[in-house]
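Structure first, commentary second.
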Amino acid sequence: MNTPSKRITLTETMYVIQGNYSGVWEDETQSTDYKEAKEDLKSYRQNSQYPSRLIRRRVLKDFSREFLLSLPTLHVGHFDNIKLESKKYRILVSRLTKADGARVDNEVIILKLNSSYNWVEINKY
């Protein structure tokens, strides 16, 4: 009997403290821990003359190349394997190596689906 594989989430929640300087909200600090972010916000409000706020933001996780290579391949392309996929993101691992003329061995490519429903490269490492 096959056991279901653990679901891998592509994003994580970040709590960002922003300060309003001259009518523009700018990021000050960020944390993955809500309690820590609330304490930082309290400190900012006590020590700053400018308004501060706490927002929640979803950010793409950083996956190591080794971790991605260990995952099963969802789809095999001409040069790349799709390792992770969601409605908005695809994470590919190239099968090309330096011997093939690639910049690095097994380059990781992150694609995001834009509003025109085209996959756009947003990062490579």
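Some notes on this structure:
- Listing of strands (runs of 3 or more DSSP E) fully contained in region 1-116 that carry 3 or more residues being in contact with an Asp or Glu (Cβ under 6 Å, 6 or more places away or on another chain): 11-21
- Contacts under 8 angstrom Cβ, first residue in region 93-111 being within 25 Å of Leu60 (Cα to Cα), partner aliphatic (A, V, I, L, M) and loosely packed, with under 13 Cβ neighbours inside 10 Å, 6 or more apart: Ile110/Ile122; Leu111/Val120; Leu111/Ile122
- Index of the failed condition, Tyr34 passing every other in (1) within 26 Å of Arg7 (Cβ to Cβ); (2) exposed (fewer than 13 other Cβ atoms within 10 Å of the Cβ); (3) modelled with pLDDT under 95: (3)
- Taking first residues from region 19-41 that are closer than 18 Å to Val59 by Cα and partners that are surrounded by 14 or more Cβ atoms within 10 Å (Cβ to Cβ) and of a type in the set (Asp, Glu), the Cβ contacts under 9 Å between residues at least 6 apart in sequence or on separate chains come to Glu28/Asp40; Thr29/Asp40; Ser31/Asp40.
Here's the yes/no breakdown for (1) over 30 Å from Gly23 (Cα atoms); (2) surrounded by 13 or more Cβ atoms within 10 Å (Cβ to Cβ); (3) hydroxyl-bearing (Ser, Thr, Tyr):
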{"site": "Gln46", "(1), (2), (3)": "no, no, no"}
{"site": "Ser52", "(1), (2), (3)": "no, yes, yes"}
{"site": "Ile55", "(1), (2), (3)": "no, yes, no"}
{"site": "Asp62", "(1), (2), (3)": "yes, no, no"}
{"site": "Gly77", "(1), (2), (3)": "yes, no, no"}
{"site": "Ile82", "(1), (2), (3)": "yes, yes, no"}
{"site": "Glu85", "(1), (2), (3)": "yes, yes, no"}
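- Test: Tyr44 is out of contact with any helix residue (DSSP H, G or I) (no Cβ under 6 Å at 6 or more places or on another chain), of a type in the set (Phe, Trp, Tyr) and assigned by TED's automatic domain parsing to the domain that holds Val24: yes
The values are calculated or read from the model by the stated rules, or taken from the named source; none is laboratory data. These numbers were taken from a predicted model, which means no experiment stands behind them. Note that each Cβ is placed from the backbone with ideal geometry, even for glycine, and that neighbours are counted across all protein chains shown.
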